[in-house]
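A quick write-up on the structure given underneath.
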There are 2 protein chains.
Amino acid sequence: MSDLGTIGEDKLIALITAQSPLRDNVLIGPGDDCAVLKNANRDDYTLLKTDSIIEGVHYLPSADPYWVGWKAAARVVSDFAAMAGTPDAIVIALSLKKETAVSYVTDLYRGIHACAEAYAFSVVGGETSCSSQNMLTVSGTGKCTTPITRSAAQAGHALYLTGKIGGSIQGKHLTFTPRVDEAQWLVKHTTLSAMMDLSDGLAKDLPRLAKLSNVGYDVDLATLPLNDGCSIKNGISDGEDYELLLACACELTPQQLIQWSEAFPEVQLTKIGHCTTGSRTELTGGWEHFTTDSDD
Amino acid sequence: MSDLGTIGEDKLIALITAQSPLRDNVLIGPGDDCAVLKNANRDDYTLLKTDSIIEGVHYLPSADPYWVGWKAAARVVSDFAAMAGTPDAIVIALSLKKETAVSYVTDLYRGIHACAEAYAFSVVGGETSCSSQNMLTVSGTGKCTTPITRSAAQAGHALYLTGKIGGSIQGKHLTFTPRVDEAQWLVKHTTLSAMMDLSDGLAKDLPRLAKLSNVGYDVDLATLPLNDGCSIKNGISDGEDYELLLACACELTPQQLIQWSEAFPEVQLTKIGHCTTGSRTELTGGWEHFTTDSDD
């Protein structure tokens, strides 16, 4: 009898989502950054997402609780951004050891509330329970007029990254900035065809987007926008970048790139390659195993 | 420095919800059975809820995983029912020990999906993570045209219960039937003013409704609809009944009661008392301490 330690997450998810009951108002079900629900008699959509962070896995016991709270909320905001949506309201299920200091919890909430103020959403409820392991599950709704999925990139579409990648363990994995405004700009000003946020690193996430879009990719590793002190290996494998990976049907014109840099002077937008036919994947720039794990 | 073990859940929740950022579209924030969000340009509402169940707290390791899954989903459905709403879509955050059998997880999902079929909602995503304690957090959206809160009962309003109470530990706490159709009937056919679902037992939950409505109550314990083999103490203290407690401005007429029993022949609707002015609470029928804990 197989257990969760041997089957692996991807197979497990395939198993349990195969039979998901989906009603007529579901535009996008399991498998993308968020679920997307049609709204009756309206031309916009409701996004729905849940996401957990666990002490010892997603943050250390010594991490500042303010930034733990920020991270828990911002991860969900980043998923809304990845659909070209905006957050609306969240609820929080907190599981905490009973010896947790009350001040730790109020600091967690200061971080959650700071994220809510920064991204203009509400914190409308939740629940707390005592458990043997500290964990925060943030769930919420977002809004979207033109949902951008992972599955509509086509051969020839150009691939871009927002910001820089690699080295998030130095602190960015807690303090990152979800790219909500950037995604809104992209959906309005470009021929954006597919998008996702980078949570597991480009080496794992790009193949996921490519697989769902049924395309290959050709990436020039020499173009990757790396954080200071990061190797290409760090850049593609460290994970938790929370930057946007996106495909555009047409390359951005010089004028569009100038407009971008005026709108977001501190966030670069970098072309890293393009989508190809079939499952062909090519990498130039010297990295041997694109899909390497960060620990090999 | 106080910790969670000493401050207690009610004080903690008061502390962390006092500063909740609430935007203009929030009709009901923290503190009721669900949050209620206004929909732009429409006269209906979106409900939002999150709820966790933890192995060893809400179910035993030996419990049938099908019913554990059912319970995790049905608790959220019951909260939607308590606002006179219906479920729309849920997402599931699963935290499981890595030695958990894959068949256990697929059985959990059979129960979740059965609940989705029974109550016509979608299961649109989620995530799984490995942890040291098994836990399911179900979050989701519901729909509602006339939200019924806990806070609008007034002195003189009659108090009713659906179904029977007590003894849920015998199995009903896993296999219960959320009262969605019953709540829809009540909001349509009666002068329903306030409602909640009974999760912690009448002795704890009625004072919560009364406090939020700023009323007292007078309950005749001799009228309580008890499950077979249950004492009054069981009835008011066992908890996990998942029945509806409701207030109506006018008592139901004999004709309304007949209509109810035709619509729901297997679910009785019992008048147990009425709301009073101020915080006056009276109990007739012989029970000494209404707010007793189940373990005293």
Seminar exercise, completed: Averaged over the residues of B:88-101, the number of partner chain Cβ atoms within 10 Å of each residue's own Cβ comes to 6
For this session: Using the Karplus curve 6.51 cos²θ - 1.76 cosθ + 1.60 with θ = phi - 60°, work out ³J(HN,Hα) for each residue of the stretch A:12-17 in order, rounded to whole Hz, and write x for Gly and Pro.
Result: 4, 5, 4, 5, 7, 9
Problem set entry | For A:Gly85, residues with placed amide H under 5 Å, excluding near neighbours | none
For this session: Using the structure shown, list the pairs from B:Lys98/B:Lys211; A:Lys98/B:Lys271; A:Lys98/B:Lys97; B:Lys11/B:Lys71; A:Lys71/B:Lys164 with a Cα-Cα distance above 32 Å, or answer none.
Result: B:Lys98/B:Lys211; A:Lys98/B:Lys271; A:Lys71/B:Lys164
Problem set entry | Rounded percent of accessible protein surface that carbon and sulfur make up, the protein assembly as shown, 1.4 Å probe | 48 percent
Problem set entry | Using alpha-carbon coordinates, inclination of helix A:65-82 to the longest axis of chain A, degrees | 40 degrees
Seminar exercise, completed: What helix-only [θ] at 222 nm does chain A give? Using -39500 (n - 2.57) per DSSP H run of at least 4, over all residues, to the nearest 500, the answer is -9000 deg cm²/dmol
Problem set entry | Where rotation carries A onto B, the chain A residue whose Cβ is nearest that axis, in whole Å | A:Ser139, 2
For this session: Distance between Cα centroids, the stretch B:75-100 to the stretch B:124-139: provide it in whole Å.
Result: 11 Å
For this session: Using only Cα atoms, tell me the angle between helix B:180-189 and the longest principal axis of chain B; keep it within 0 to 90° and round to the nearest 10.
Result: 30 degrees
For this session: Taking each pair of different alpha-carbon atoms in the stretch B:130-179 once, compute 1/r for the pair, average those values, and report the inverse of that mean as the Kirkwood hydrodynamic radius in Å to one decimal.
Result: 15.6 Å
Problem set entry | Spin-label model distance (nm) - B:Gln268 vs A:Gln133, 7 Å beyond Cα toward Cβ | 4.5 nm
Exercise. Once the other residues with Cβ under 15 Å from the Cβ of A:Asp43 are scored (Lys, Arg +1; Asp, Glu -1), what is the net sum?
Worked result: +3
For this session: Compute the distance in nm between two label points, each set 7 Å from the Cα along the Cα-to-Cβ direction, one at B:Asn214 and one at A:Lys38.
Result: 4.5 nm
For this session: For B:Thr145, go 7 angstrom from Cα along the Cα-to-Cβ vector, then report the distances to that same point in the other copies in nm, smallest first.
Result: 2.9
Seminar exercise, completed: Share of Cα-Cα pairs in chain B beyond 27 Å, whole percent, is 43 percent
Exercise. Can you run phi through the Karplus equation (6.51, -1.76, 1.60; θ = phi - 60°) for the stretch A:214-225 and list ³J(HN,Hα) in whole Hz, with x for Gly and Pro?
Worked result: 6, 10, x, 8, 10, 10, 8, 4, 5, 8, 4, x
Seminar exercise, completed: Note on chain B: contact order normalised by length, alpha-carbon pairs under 8 Å, 6 or more apart, percent, works out to 20 percent
Exercise. In whole Å and largest first, what semi-axes does the C-alpha gyration tensor of the stretch B:185-242 yield when each eigenvalue is scaled by 5 and square-rooted?
Worked result: 21, 15, 12
Problem set entry | Loop-resident sites, the stretch A:1-109, for GluC sites (Glu not before Pro), counting at most 13 other Cβ within 10 Å (DSSP) | A:Glu99
Problem set entry | For the protein assembly as shown, fraction of C-alpha pairs farther apart than 35 Å, in % | 41 percent
Seminar exercise, completed: So B:Asp3 and B:Ser62, fully extended at 0.36 nm per residue minus their Cα-Cα distance, gain in nm 18.1 nm
For this session: Please give the length that would be gained between A:Asp10 and A:Ser279 if that part of the chain were fully extended, namely 0.36 nm times their separation in residues minus their C-alpha to C-alpha distance (nm, one decimal).
Result: 94.9 nm
Exercise. In degrees between 0 and 90, to the nearest 10, how far off the longest principal axis of chain B does helix B:254-263 point, with axes built from Cα atoms?
Worked result: 20 degrees
For this session: Within the set of other residues whose C-beta is less than 13 Å from the C-beta of B:Trp70, count the net charge using Lys and Arg as +1 and Asp and Glu as -1.
Result: +1
Seminar exercise, completed: Here the FRET efficiency for A:Glu117 versus B:Leu257, based on Cβ atoms and R0 = 51 Å and rounded to 0.05, is 0.50
Exercise. Between copies, how close do the A:Asp44 label points come, placed 7 Å along Cα→Cβ, listed in nm from shortest?
Worked result: 1.7
Exercise. Using a probe radius of 1.4 Å on protein heavy atoms only, what is the accessible area buried between chains B and A, both sides summed, to the nearest 100 Å²?
Worked result: 5500 Å²
For this session: Quick one: with label points 7 Å out along Cα→Cβ, list the inter-copy distances for B:Glu9 in nm, shortest first?
Result: 3.0
Exercise. For the stretch B:1-120, taking Cα atoms only, what is the radius of gyration to one decimal and the Dmax to the nearest whole Å?
Worked result: 17.2, 49
Problem set entry | Gyration tensor (Cα) of the stretch B:81-146, equivalent ellipsoid semi-axes in angstrom | 26, 13, 9
For this session: Quick one: which residues, 5 or more positions from A:Ile165 or on another chain, have an amide H under 5 Å from its amide H? H modelled 1.01 Å from N in the peptide plane, none for Pro or chain starts.
Result: A:Leu226, A:Asn227
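The values are calculated or read from the model by the stated rules, or taken from the named source; none is laboratory data. Everything quoted here is computed from the prediction, not taken from an experiment. When we count neighbours, we look across all protein chains shown, and the Cβ atoms used for this are built from the backbone with ideal geometry, even at glycine. These accessible areas exclude ligands, DNA and RNA; they are computed on the full protein's heavy atoms, side chains included. Shrake-Rupley method; radii C 1.70, N 1.55, O 1.52, S 1.80 Å.
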